[in-house]
Amino acid sequence: MSDQAYFDYLLRLGDDSLVLGQRLGEWCGHAPTLEIDLSLANVALDLIGQATYLLGHAGTVEGAGRDADRLAFHRDALDFRNCLLVEQPNGDFAQTMARQFLFSTYQRLLFQELAGSTDADLAAIAAKAVKEVAYHADLAAGWVVRLGDGTPESHRRMAGGMEWMARFVDELFVMDALETGLHARGLAVDRAGLRPAFDATVAATLAEATLPPLPAHRPVTGGRKGHHTEHLGHLLAPMQHLQRTYPNAVW
Amino acid sequence: MYTTELQKQAGVTTAEPAELLAAFEARVAADEFIEPKDWMPDAYRRTLVRQMSQHAHSEVVGMLPEGNWITRAPSLRRKAVLLAKVQDEGGHALYLYSATETLGTSREEMIDALHSGRAKYSTIFNYPTLTWADIGAIGWLVDGAAIMNQVPLQRTSYGPYARAMVRICKEESFHQRQGYEIMMALAVGTPEQKRMAQDALNRWWWPSLMMFGPPDDNSPNSAQSMRWRIKRDTNDQLRQKFVDVTVPQAEAIGLSVPDPDLKWHEDTGHYTFGAIDWEEFYAVVRGEGPVARERMQARRKAWDDGAWVRDAATAHAEKRSRRQAA
């Protein structure tokens, strides 16, 4: 039987990975060094893999015959459930790393917990993904430190990247009625409970990077309800172009 | 992907000790590998630097036409495979730059030569990827041509190049299969998909044949390179092999090769094919390919935009080592 709330939760998880993977794919061939190009493609590849599993599982839970591709390519922005952080534009490499560091640090904590989910399928996906995400978080933290404590220009850019992303951090930890209910069933994680560990890691990394703490900002939220920033529509347009133009084609 | 010899032989060889030269030639003739610290003629070193760096540059520039479709790949699986493939190309560039550095030229110098237009890269990447089928065509035809050229290079005389090529060849054969698989899916798809597939073959066929380089009677460096075993087959031999293998693959999926003069000969077991437009080839070598400007602009922009990142990494590493020393 379809479980709409749980379906929605799996979309939240899957869309986060999909949208960030899509963003990172934009860097391909344009990164500051070949090594960075490869590492960004590698992270993108992991995220697209996670999205494939999570959206596939969501489709199964929904029970309406939609597979991962159907969900990825045939929903419009109002039906996407990703957080606003992941849809933010790449900007310069510092902005990309700020987004990656904040997201992967959060996702690592989230997947560690989800590996203990009462849903064995989700637990297995999370247990596999958490190893990948640990690498993403370390990679990004390394760049935050290198750029923060590099040259005056890189410091300024890294601080700017963090400043851009800071307003989207609170959304990562918001528990709404849907997730509170799923948490009671052992399916979802208590996001609010991840915050102290997140804050500690961020504070330590920013300090090592000689960067100021994340600026306080009124939280901008809405992604989990389908109310996104202006950036998402532009991300979806090229991503969904072929599937929407040729809806009956098999690729 | 692959590149052929695109530049004129550089400079005149200075007098080299006849004994060393004879010993070198004998080792090469005996199919021994030449290693970085071994003595080698200057011209051999220069030819290798040119050919290997050109190959590395081709991998890097080759990331652009395919990268163009990563954000638009039509399924999650296709997106993941394309990401992995383009990542492989970047990896190939890394091994090749490293192998070339063993000859005493730094990666910085090679990249500078690319950006200033002194170094070449494969002509094929100066053509645009207009539809998804082009990603299939590149894998099938361009990487297919690469394999033809690179399999013999696994036995090339310079050890680091030969060893890099062993790994590269394994990955290229995966790339070729994924390209052909994309084409197969399109060829049995909707009329629009079939049209895309045929159009891609029409556009990529002749440039793919040009990838093997000028005909043997107009390839002045071939004889020396063959003697040094930097090259193991002639351009025309490889081109013929490619045509013989690829035409039946096109027929198997119902696509037609855009060459009215293509003809199978039962007696020889080979195809004959129409005349290649060498004017076009030389124009593309000169940098007049349809998207040559876009490709070079993208590479230079990535490099220039990334300068502050590379500077920061160096500055941070220096601070760190100063702190550790203190």
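The figures follow:
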{"read-out": "Cut-off under 5 Å, modelled amide H: who pairs with residue B:158 long-range", "value": "B:34"}
{"read-out": "Gained length - residue A:177 relative to residue A:234, 0.36 nm times residue gap less alpha-carbon distance", "value": "17.5 nm"}
{"read-out": "Mean residue ellipticity (222 nm) of chain B, computed from DSSP H runs ≥ 4 via -39,500 (n - 2.57), nearest 500", "value": "-20500 deg cm²/dmol"}
{"read-out": "Alpha carbon convex hull of chain A, projected area averaged over orientations, nm²", "value": "13.2"}
{"read-out": "Dipole magnitude (debye, nearest 20) for the protein assembly as shown, charges at Cβ of Lys, Arg, Asp, Glu", "value": "820"}
{"read-out": "Protection proxy ranking, peptides A:47-54, A:240-247, B:202-209, average beta carbon neighbours within 10 Å, highest first", "value": "A:47-54, B:202-209, A:240-247"}
{"read-out": "Length-normalised contact order for chain A - Cα pairs under 8 Å, 6+ apart - percent", "value": "24"}
{"read-out": "Other protein chain Cβ atoms within 10 Å, averaged over every residue that makes up A:67-77", "value": "2"}
{"read-out": "Helix-only mean residue ellipticity at 222 nm for chain A, each DSSP H run of n ≥ 4 adding -39500 (n - 2.57), per residue, nearest 500", "value": "-22000 deg cm²/dmol"}
{"read-out": "Listed residue (A:134, A:13, A:52) projecting farthest to the positive dipole end of the stretch A:4-245, Cβ model", "value": "A:13"}
{"read-out": "Amide hydrogen neighbours beyond the local backbone of residue B:270, cut-off 5 Å, H modeled", "value": "B:265"}
{"read-out": "Ranked packing of A:199-212, B:118-131, B:183-196, A:85-98, most packed first, by mean Cβ within 10 Å", "value": "A:85-98, B:118-131, B:183-196, A:199-212"}
{"read-out": "Alpha-carbon centroid distance for the pair the stretch B:148-189 / the stretch A:31-50, whole angstrom", "value": "22"}
{"read-out": "Inter-chain Cβ neighbour average for residues A:33-45, partner chain, 10 Å", "value": "6"}
{"read-out": "Only Lys, Arg (+1) and Asp, Glu (-1) charged, at Cβ; the stretch A:158-251 dipole about Cα centre in debye", "value": "300"}
{"read-out": "Relative contact order, percent, the stretch B:252-326 [alpha-carbon distance under 8 Å, six or more residues apart]", "value": "13"}
{"read-out": "Relative contact order computed over chain B (Cα-Cα under 8 Å; 6+ residues apart), in percent", "value": "20"}
{"read-out": "For the stretch A:51-124 and the stretch A:178-251, distance of Cα centres in Å", "value": "8"}
{"read-out": "Environment charge at residue B:192 (Cβ cut-off 14 Å; Lys +1, Arg +1, Asp -1, Glu -1)", "value": "+2"}
{"read-out": "Net lengthening on full extension, residue B:282/residue B:35 (0.36 nm per residue, minus Cα-Cα)", "value": "85.5 nm"}
{"read-out": "Farthest toward positive dipole pole in chain B [+1 Lys/Arg, -1 Asp/Glu at C-beta], among B:252, B:43, B:238", "value": "B:43"}
{"read-out": "Per residue value of the accessible surface for the stretch A:4-245 (all protein chains in place, 1.4 Å probe), Å²", "value": "36"}
{"read-out": "List of the stretch B:280-305 residues, accessible area with partners at least 20 Å² below that of the chain alone (1.4 Å probe)", "value": "B:299, B:302"}
{"read-out": "Cβ charges +1 (Lys, Arg) and -1 (Asp, Glu), total dipole of chain B, debye", "value": "1340"}
{"read-out": "Residue mean of other protein chain beta carbons inside 10 Å, A:19-32", "value": "6"}
{"read-out": "Among B:215, B:103, B:84 - extreme Cα towards positive end, dipole of chain B, charges at beta-carbon", "value": "B:84"}
{"read-out": "Estimated vicinal HN-Hα couplings, Hz - the stretch B:74-90 in sequence order (Karplus 6.51, -1.76, 1.60; Gly, Pro = x)", "value": "x, 8, 5, 5, 4, 5, 5, 5, 5, 4, 5, 5, 5, 5, 4, 4, x"}
{"read-out": "Apportionment of accessible area to carbon and sulfur, the stretch B:74-224, percent (1.4 Å)", "value": "56"}
{"read-out": "Where labels lie 7 Å past Cα in the beta-carbon direction, separation of residue B:199 and residue B:98 in nm", "value": "4.1"}
{"read-out": "Cα Rg, Dmax (largest Cα-Cα span) when computed across chain B, Å", "value": "21.0, 79"}
{"read-out": "Cross-link pairs beyond the 31 Å C-alpha cut-off, checked among A:131/B:85; B:231/B:301; B:241/B:301; B:37/B:79; A:128/B:120", "value": "B:231/B:301; B:241/B:301; B:37/B:79; A:128/B:120"}
{"read-out": "Listed peptides B:170-176, A:145-151, A:228-234, B:259-265 by packing density, highest first (mean Cβ within 10 Å)", "value": "A:145-151, B:170-176, A:228-234, B:259-265"}
{"read-out": "Apportionment of accessible area to carbon and sulfur, the stretch A:1-116, percent (1.4 Å)", "value": "50"}
{"read-out": "Projected label distance in nm at residue A:124 and residue A:156, using a 7 Å step from Cα toward the beta-carbon", "value": "5.2"}
{"read-out": "Cleavage-rule hits, trypsin sites (Lys or Arg not before Pro), the stretch A:69-145, DSSP coil, Cβ neighbours within 10 Å at most 11", "value": "none"}
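The values are calculated or read from the model by the stated rules, or taken from the named source; none is laboratory data. These numbers were taken from a predicted model, which means no experiment stands behind them. Using ideal geometry, Cβ is built from the backbone for each residue, glycine included, and neighbour counts are taken over all protein chains shown. The accessibility values were calculated without ligands, DNA or RNA, using every heavy atom of the protein model including side chains. Shrake-Rupley method; radii C 1.70, N 1.55, O 1.52, S 1.80 Å.
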